[in-house]
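Contents: one structure, followed by commentary.
The values are calculated or read from the model by the stated rules, or taken from the named source; none is laboratory data. For clarity, every value in this text was computed on a predicted model and none was experimentally measured. Note: ideal-geometry Cβ built from the backbone for every residue, glycine included; neighbour counts use all protein chains shown. Accessible surface is based on the protein model in full, side chains and every heavy atom, while ligands, DNA and RNA are left aside. Shrake-Rupley method; radii C 1.70, N 1.55, O 1.52, S 1.80 Å.
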Amino acid sequence: MENARLPAAVKAAAPPQGAAADWTIPQAWGDYTPAEHAMWDKLFARQQAMLPGRVIPAFLEGLDILRLSRPGVPDFDELSERLHKATGWSVVAVPGLVPDEVFFEHLANRRFVAGRFIRNPDQIDYLQEPDVFHDVFGHVPLLTDPVFADYMQAYGRGGLRSLEFGAMHWLARLYWYTVEFGLIRDGSGLKVYGAGIVSSFGESVFALDDASPNRLGFDLRRMMRTRYRIDDYQQTYFVIDSFDELLRQTLETDFAPLYGELAQASDLTTDAVLPEDRVLHRGAQTHGSAAQS
Ligand code: PHE
Ligand code: FE
């Protein structure tokens, strides 16, 4: 599996030494070693070979717009210049996971926070914290899509609002099941768009082709009730019809009453299928253990 950034874990604290008040650090692009650049190239080549036909076309267009196929770890300043021209977003470096509020604040201002470090050779298929490959290759291409770009900003604003209700853990599930592990059904069939999938060699096949996971129609409240796994491939994926629909529904729904309802409802397990679900594929759930996180 590929780990995926969630606005999580780190509680409000002072930024570490060397970081600015908003937790950003210089990417120090000149400090990447040849081995680090080579690691990026290796990961990039694998995904580039894997993704055509599996990923939503807007992702591949984003790679082009951003010229991400050039060798080496991208320089965030150059990347931001191109991205800014497309949708007004930029990419900033941070030391690792940042406090929720800091994360949301950046998104709400169209800044995507990315780790600067890259995984070691022994972590090629698995690592605990999101690295620059996951963050940049996984997340940034779709930020060139105007509708998805608006969704990410709206999510940041919604995140700030969720803190007032103590509701972040529900909203985090929405991020998980869309931004990180979302599937989309376009004219030519089921495609991946979530960053945790597109940056993962194994999950980019598993999410679409394997008989094990559930594939269910998008449903806001249902997704926010559903737990997720951080230790293995997902047991359930949720499928949207378009970014327009995703943006429209999340913008038009006032989440405050939803949070009230969620407080009364029980959590759903990672493999649950309910009578009211729109089931595209009922998973055999044969992969891995059934451990819950
Ligand atoms: N409409 C949500 C609210 O009322 C905010 C939101 C927008 C959340 C888009 C996620 C994505 O809080
Ligand atoms: Fe992520």
query: Is there a residue in the stretch 121-143 that is of a type in the set (A, V, I, L, M), over 14 Å from the mean Cα position of the chain (by Cα), open to solvent by 10 Å² or more (accessible area, probe 1.4 Å) and at pLDDT 95 or above?
result: no
message: Tell me yes or no: at least one residue of the stretch 210-228 is within 16 Å of ligand 2 (Cβ to nearest atom), surrounded by 22 or more Cβ atoms within 10 Å (Cβ to Cβ) and among the hydroxyl-bearing types (Ser, Thr, Tyr).
response: no
message: I'd like to check something: does the stretch 156-173 contain any residue that is within 16 Å of ligand 1 (Cβ to nearest atom), of a type outside the set (Gly, Ala, Ser) and either within 30 Å of residue 40 (Cα to Cα) or open to solvent by less than 10 Å² (accessible area, probe 1.4 Å) (or both)?
response: yes
query: Could you list, in sequence order, the residues of the stretch 44-59 that are of a type in the set (A, V, I, L, M, F, W, C) and open to solvent by less than 60 Å² (accessible area, probe 1.4 Å)?
result: 44, 45, 50, 51, 55, 56, 58, 59
query: Does residue 107 satisfy the condition of being touching a strand residue (DSSP E or B) at 6+ places or on another chain (Cβ under 7 Å) and within 16 Å of ligand 1 (Cβ to nearest atom)?
result: no
- request: Any residue in the stretch 103-116 that's open to solvent by 10 Å² or more (accessible area, probe 1.4 Å): show its pairings with residues that are among the charged types (D, E, K, R) and at pLDDT 95 or above at Cβ separation under 6 Å, as long as the two are six or more apart or on different chains.
  value: 108/157
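Taking the stretch 14-38, which residues are of a type in the set (A, V, I, L, M, F, W, C), more than 21 Å from the chain's Cα centre (by Cα) and open to solvent by less than 60 Å² (accessible area, probe 1.4 Å)? Steps first, please.
Taking the stretch 14-38 as the starting set, the residues that turn out to be of a type in the set (A, V, I, L, M, F, W, C) are 14, 19-21, 23, 25, 28-29, 35, 38.
Applying the additional criterion that residues be more than 21 Å from the chain's Cα centre (by Cα) yields 14, 19-21, 25, 28-29, 35, 38.
Result: 19, 20, 25, 28, 38.
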task: Only residues that are in a strand (DSSP E or B) and of a type outside the set (A, V, I, L, M, F, W, C): list them for the stretch 59-105, please.
output: 90
task: Evaluate the stretch 193-201: report whether one residue or more is open to solvent by 10 Å² or more (accessible area, probe 1.4 Å) and modelled with pLDDT of 95 or more.
output: no
